[in-house]
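Scroll down for the structure; my scribbles are underneath it.
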Amino acid sequence: QTAGVAVLRRGFVDDERTAQMCEDGRLNLSVIPIENARRKTIMNYHLEEAKLLRQEPGGRHYNCAQSLLVPFAAEIGMEKGAADALGAFFGAGMMHGSACGTLTAALMILGKAGKNKETAKKLVDDFLAAHGTTDCRCLLAAAEEKGVTRKENCDGLVLELCQKLDEIITRETQ
């Protein structure tokens, strides 16, 4: 049986559709496949969309920054296409192994969502405590030492920060 496909309507998933490919081969990101057709929380929506993007839908690669920015586009007042374009050159540590693109995207999301400096600093401090660095090259080297592939490592960071952003945004809007 095929998984349901749903659309986000500002916080709640309420419409079943089928995923569509655009003429240019890119996935129509207004719909995403999900396992339960009627997910009720935006938190699950962000996480499910991030997971989908990391699976390279339609053969299209979404870097780590894009995989976090695109699911949060509505919350930061952007169209998904604009969020996709914004993150284009932040993957792979700004294309040269520098600052983690996932962390950079998370900070952009917090800033655009109007969160304060203390919230952003806590996110960075928590990331440093968990991973020992914010440098992409070092994160990947540590993962390789543990036998973790680059994709597995980056997927994990995207999903980890997606969940943290959901917690921050949900906590501060309740």
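Each peptide among 125-133, 44-52 gets the average number of other Cβ atoms lying within 10 Å of its residues, and from highest to lowest they stand as 44-52, 125-133. One decimal place: the segment Thr170-Val124 gains 14.7 nm when fully extended, by the rule 0.36 nm per residue minus the C-alpha distance. For the residue pairs Lys51/Lys112; Lys51/Lys164; Lys51/Lys117; Lys117/Lys164; Lys115/Lys151, the alpha carbons lie more than 26 Å apart in Lys51/Lys117; Lys115/Lys151. Per atom type, segment 52-174 shows carbon and sulfur on 55% of its accessible surface, probed at 1.4 Å. State whether segment 64-159 is rounded, prolate or oblate according to the following rule on the C-alpha gyration tensor (a ≥ b ≥ c being the square roots of its eigenvalues): a/c under 1.5 gives rounded; otherwise a/b larger than b/c gives prolate, and the remaining case gives oblate. Because a/c hits 1.5 or more and a/b fails to exceed b/c, segment 64-159 counts as oblate.
Comparing Cα centroids, segment 143-174 and segment 63-128 end up 12 angstrom apart.
Evaluating 6.51 cos²θ - 1.76 cosθ + 1.60 at θ = phi - 60° for every residue in segment 90-104, the Karplus couplings come out as 9, x, 6, x, 6, 6, 8, x, 8, 4, 3, x, 5, 5, 4 Hz, glycine and proline recorded as x. A protection proxy built from the mean count of other Cβ atoms within 10 Å ranks the segments 81-88, 68-75, most packed first, as 68-75, 81-88. Among 155-168, 102-115, the peptide with the highest mean count of other Cβ atoms within 10 Å heads the list, and the full ranking is 102-115, 155-168.
The values are calculated or read from the model by the stated rules, or taken from the named source; none is laboratory data. Because the structure is predicted, anything quoted here is derived from the model rather than measured. All Cβ positions, glycine included, derive from the backbone under ideal geometry; neighbour counts span all protein chains shown. Calculation scope for accessible area: heavy atoms of the full protein, side chains included, ligands and nucleic acids excluded. Shrake-Rupley method; radii C 1.70, N 1.55, O 1.52, S 1.80 Å.
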